[in-house]
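Engineer: Provided herewith is a single structure, encoded as structure tokens, for subsequent inquiry.
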Amino acid sequence: MKDSWAGSDHKYLDETAVKTIGPITAGLFGGSSESGQTKNEDGFFVMTGDDWEFAVILDGHKSAESTTLVMKEFDKHDDPIRTILCKQPSEAIKQLQEFLSAFFMNPDFLSSCRRVQGETACLIAARKEKYLFWFSIGDCVLHLFHPELAALGEYQQNHRSFYEWVGQVNTFDLSVPCFSSGVKELRKGTSHILLATDGLIECPDLPYVKPEAVFAEFRQRTHEDGVLHLMTEASRAKILDNCTILSWKARVEQEGSMPSDLIK
């Protein structure tokens, strides 16, 4: 299953929307025109398989051209991504990292980036069986909720890195490309994975800078209703920035790693 969207397609100004793509729910709010918003520069690209999900969230600057370029480029490469993620986790994660590095450093792609107006943050997250992988350029966020991790205060997985983009200004055009990536072993049970652009977390009238406040909105609601509630709260607060999230839950049956003194 595959879907994509860019703010240039539909702005969602003063409008909330929820889209379901297999197990993934997308939440969309374009910002408040009353607060001065006139455009939507966010976007996403999503693919799903039997035991994997691949999600890209984009937060453009100056225009949505860079967002659209990256989204369309991923759409053109859906077959190799699917092939990689259908492999065993040990191969899939390694090859996905290599693929994404080559993807962003492709000379033709870099040439196209120089011709667009503006640039975009880009966060990619992929789950394969019990492993969560991410490749992060810029300041979008990846949150993970599991009771065992929450008990230790662990939610955010990636590091928000400012002054990193893809597009007209491009950190992959530097002599040393700048990005961050990581892999997390998911705990046994249900993990909730959520990607968000900064519109969700930077509104001073909402508590969502704290990831525990984000996940609290799902406690007494269905998954889809939780996503819709987050977008409704953003609309109620009349936030200026575009707000986009991708959210899904994954079930893991295997035990996670434990310290040796707790192994029975």
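Engineer: In nm, what is the difference between 0.36 nm times the number of residues separating GLU129 and LYS76 and their Cα-Cα distance? Write down the numbers at each step before the final one.
Structural biologist: Working: separation 53, 0.36 × 53 = 19.08 nm, distance 2.47 nm.
Fully extending the segment from GLU129 to LYS76 adds 16.6 nm.
Engineer: Starting from the Cα of THR222, step 7 Å along the direction of its Cβ; do the same at VAL169; then give the gap between the two resulting points in nm.
Structural biologist: Once both label points are built, they end up 4.3 nm from each other.
Engineer: Once label points are set 7 Å from the Cα along Cα→Cβ at both PHE162 and THR232, what is their separation, rounded to one decimal in nm?
Structural biologist: Distance between the two pseudo-spin positions: 3.4 nm.
Engineer: Multiply the residue separation of MET258 and ASP9 by 0.36 nm, subtract the distance between their alpha-carbon atoms, and state the gained length in nm to one decimal. Intermediate results must be reported in sequence, preceding the final value.
Structural biologist: Working: separation 249, 0.36 × 249 = 89.64 nm, distance 4.65 nm.
Full extension from MET258 to ASP9 adds 85.0 nm.
Engineer: Below 14 angstrom from the Cβ of CYS113, what's the summed charge of the other residues (Lys, Arg +1; Asp, Glu -1)? Please report the intermediate quantities before stating the final value.
Structural biologist: On the way: positive: LYS62, LYS72, ARG114, ARG115; negative: GLU65, GLU73, ASP108, GLU119, GLU164, ASP173.
Combined, the nearby Lys, Arg, Asp and Glu give -2.
Engineer: What are the ³J(HN,Hα) values, in whole Hz, obtained from phi via the Karplus relation 6.51 cos²θ - 1.76 cosθ + 1.60 with θ = phi - 60°, for each residue of region 186-199 in sequence order, with x given for Gly and Pro?
Structural biologist: Using θ = phi - 60°, the values come out as 6, 7, 5, x, 9, 10, 10, 10, 9, 10, 8, 7, 6, x Hz.
Engineer: So, by mean Cβ neighbours within 10 angstrom, what's the order for 199-208, 101-110 with the highest one leading?
Structural biologist: Details: 199-208: 18.4, 101-110: 14.0.
Packing order, densest peptide first, comes out as 199-208, 101-110.
Engineer: I'm a student and want to see the number: the projected area of the Cα convex hull of the chain, averaged over all directions, in nm².
Structural biologist: Values: hull surface 57.1 nm².
The directionally averaged projection comes out at 14.3 nm².
Engineer: Could I ask something else about it? Rounded to the nearest 500 deg cm²/dmol, what is the calculated helix-only ellipticity per residue at 222 nm for the chain, with -39500 (n - 2.57) per DSSP H run of length n ≥ 4?
Structural biologist: Details: 8 runs with 73 residues, N = 264.
Per the formula, -8000 deg cm²/dmol.
Engineer: Moving to a separate point now. Taking the Cα-to-Cβ direction at THR83 and at LYS210 and moving 7 Å from each Cα, how far apart do the two end points lie in nm?
Structural biologist: 4.8 nm
Engineer: Report, in whole Å, the centroid distance computed from the Cα atoms of region 147-208 and region 82-145.
Structural biologist: When both Cα centres are located, 13 Å separates them.
Engineer: Peptides 241-253, 80-92: what's the order by average Cβ count within 10 Å, highest mean first? Don't skip to the end; give the middle numbers.
Structural biologist: On the way: 241-253: 22.2, 80-92: 16.2.
The densest-packed peptide leads the list: 241-253, 80-92.
Since every read-out is calculated from the coordinates, none of them should be taken as a lab result. All values reported here derive from a predicted model rather than from experimental measurement. Quick reminder, even Gly has a Cβ in these numbers, built from the backbone with ideal geometry, and neighbours come from all protein chains shown.
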